[in-house]
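Here the structure comes first, spelled out in C-alpha cells, and everything after it is commentary.
The values are calculated or read from the model by the stated rules, or taken from the named source; none is laboratory data. Please read these numbers as outputs of a predicted model, since none were measured by experiment. Methodologically, a virtual Cβ is constructed for each residue, glycine included, from the backbone with ideal geometry; neighbour enumeration extends over all protein chains shown. The area values use the complete protein model at the heavy-atom level, side chains included, leaving out ligands, DNA and RNA. Shrake-Rupley method; radii C 1.70, N 1.55, O 1.52, S 1.80 Å.
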Amino acid sequence: MTLDRPVSDLCATPRGARDRQLLMGSDVTVFEDQAGWSFVQTTDGYVGYLETSRLAEPIAVSHRVATFATHAYTQEDFKSRERNALPFGARVAVVDERRKFFETNVGFIPKRHLRPLNKPFSDPATVAQLHFGVPYLWGGDSTRGIDCSGLIAASLRACDIPCPGDSDMQQAALGDDLTGPLARGDLVFWKGHVGMMVDEETLIHANAHHMATRYEPVEKAILRIEAQGDGPVLARKRL
C-alpha cells in the first residue's frame, strides 16, 4: 500500500508512541489490520502501526517535493483552493504537464517545486541545510518537525543513498570511520544523536537544546553534549 497523507506517524503500538514518520507516496507492506490500524513494514525494514485510513492502493510515483514545502491546488491556479500542504520529500505521481503546474494525483503543484525521482540531489549537506529552522520533533521526519536521525535520513534519501531511520542504525550502516579532519557531508555520532558537517568546523543538527535544526560549531557541540551528560563522540563517518 501507499501513504496518501502528507505526513503519518508510524507507531510502536496502535494509538501508541510515535517511532518515526512516513511521507506521502511512501510504500509499505501491510501484514495485518486491526481496529483501524495496520501493522506494516517500510521499504527500509522499519515496522510499526499506521492508521489504516492513511493507506491507499499503490501508485507509480514519479516526482518528489524538492522545496521546503508546497501546496497541491484544486485547479491550475495559485488562487484556487489548496487540497494539501506537502513537505519536502513527499512523493506524487505526475499525470500531466501544464505551463506552470504539474497535474498530479493529489492536485496541481507548481512545476518549480517538484523534482523527478530519477534526478536525485547530489549533496546531502545541501538537503540538510534546506531544513534549517525546522522545529525539533522526536521521531519527526519532515519539514513540519524533525529529529536528528530524521534529518540525516531525509538528506541521504533525497540523494538516493539508503539510510536507516534511527541514529544507532545509521552509525552501524553508513560510511567509513574517519580519523582525519572533518569535511562537508561527514557525520558525527554521539549516543542517541547525530549531526552532519557543512564545512570543516560547522555542524548542522536537529536537537532538543535549540528545539530546532541549527548550525553549531562542532567543537562547541562536543563540549556541550558531553557536559550535559550525553557522553563523548562515538564515531565520525565519511559517506
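Just to be sure before I move on: is Val7 over 26 Å from Leu137 (Cα atoms), at pLDDT 95 or above, in contact with a Lys or Arg (Cβ under 8 Å, 6 or more places away or on another chain) and among the aliphatic types (A, V, I, L, M) in the structure I sent? Against the criterion (over 26 Å from Leu137 (Cα atoms), at pLDDT 95 or above, in contact with a Lys or Arg (Cβ under 8 Å, 6 or more places away or on another chain) and among the aliphatic types (A, V, I, L, M)), Val7 does not qualify.
Here Ile161 meets each of (1) hydrophobic (A, V, I, L, M, F, W, C); (2) over 18 Å from Thr126 (Cα atoms); (3) open to solvent by 40 Å² or more (accessible area, probe 1.4 Å) with one exception, condition (2).
If the condition is being in contact with a helix residue (DSSP H, G or I) (Cβ under 9 Å, 6 or more places away or on another chain), farther than 22 Å from Leu156 by Cα and open to solvent by less than 40 Å² (accessible area, probe 1.4 Å), then segment 38-71 contributes only Ser38.
From Ser122, Ser149, grab the single residue that is in a helix (DSSP H, G or I), of a type in the set (Gly, Ala, Ser) and free of Cβ contacts under 8 Å to residues at least 60 places away in the same chain.
On the way: Ser122 fails: in a helix (DSSP H, G or I).
Just one listed residue meets the conditions, Ser149.
There is at least one residue in segment 72-80 that is in a loop (DSSP other than H, G, I, E, B), of a type in the set (Ser, Thr, Tyr) and open to solvent by less than 30 Å² (accessible area, probe 1.4 Å).
Check whether at least one residue in segment 19-37 is more than 17 Å from the chain's Cα centre (by Cα), at pLDDT 95 or above and open to solvent by less than 40 Å² (accessible area, probe 1.4 Å), and report yes or no. Yes, there is a match, as at least one residue in segment 19-37 is more than 17 Å from the chain's Cα centre (by Cα), at pLDDT 95 or above and open to solvent by less than 40 Å² (accessible area, probe 1.4 Å).
Could you say whether any residue in segment 85-97 is surrounded by fewer than 19 Cβ atoms within 10 Å (Cβ to Cβ), in a loop (DSSP other than H, G, I, E, B) and among the aromatic types (Phe, Trp, Tyr)? No, there is no match, as no residue in segment 85-97 is surrounded by fewer than 19 Cβ atoms within 10 Å (Cβ to Cβ), in a loop (DSSP other than H, G, I, E, B) and among the aromatic types (Phe, Trp, Tyr). Residues in segment 186-239 that are of a type in the set (Gly, Ala, Ser) and in a loop (DSSP other than H, G, I, E, B) were compared, and the one that is modelled with the lowest pLDDT is Gly229.
The numbered conditions (1) open to solvent by 30 Å² or more (accessible area, probe 1.4 Å); (2) among the small types (Gly, Ala, Ser); (3) within 24 Å of Gly175 (Cβ to Cβ) are all true for Ala153 except (1).
Here's the yes/no breakdown for (1) more than 24 Å from Leu239 (Cα to Cα); (2) open to solvent by 10 Å² or more (accessible area, probe 1.4 Å); (3) under 10 Å from the mean Cα position of the chain (by Cα):
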| position | (1), (2), (3) |
| --- | --- |
| Glu103 | yes, yes, no |
| Ser122 | no, yes, no |
| Leu130 | no, yes, no |
| Gly145 | yes, no, yes |
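Does Ala172 satisfy the criteria of being open to solvent by 10 Å² or more (accessible area, probe 1.4 Å), closer than 23 Å to Asp141 by Cα, without any contact (Cβ under 8 Å) to a residue 12 or more places away in the chain and not hydroxyl-bearing (Ser, Thr, Tyr)?
Numbers: open to solvent by 10 Å² or more (accessible area, probe 1.4 Å): yes; closer than 23 Å to Asp141 by Cα: yes; without any contact (Cβ under 8 Å) to a residue 12 or more places away in the chain: yes; not hydroxyl-bearing (Ser, Thr, Tyr): yes.
Against the criterion (open to solvent by 10 Å² or more (accessible area, probe 1.4 Å), closer than 23 Å to Asp141 by Cα, without any contact (Cβ under 8 Å) to a residue 12 or more places away in the chain and not hydroxyl-bearing (Ser, Thr, Tyr)), Ala172 qualifies.
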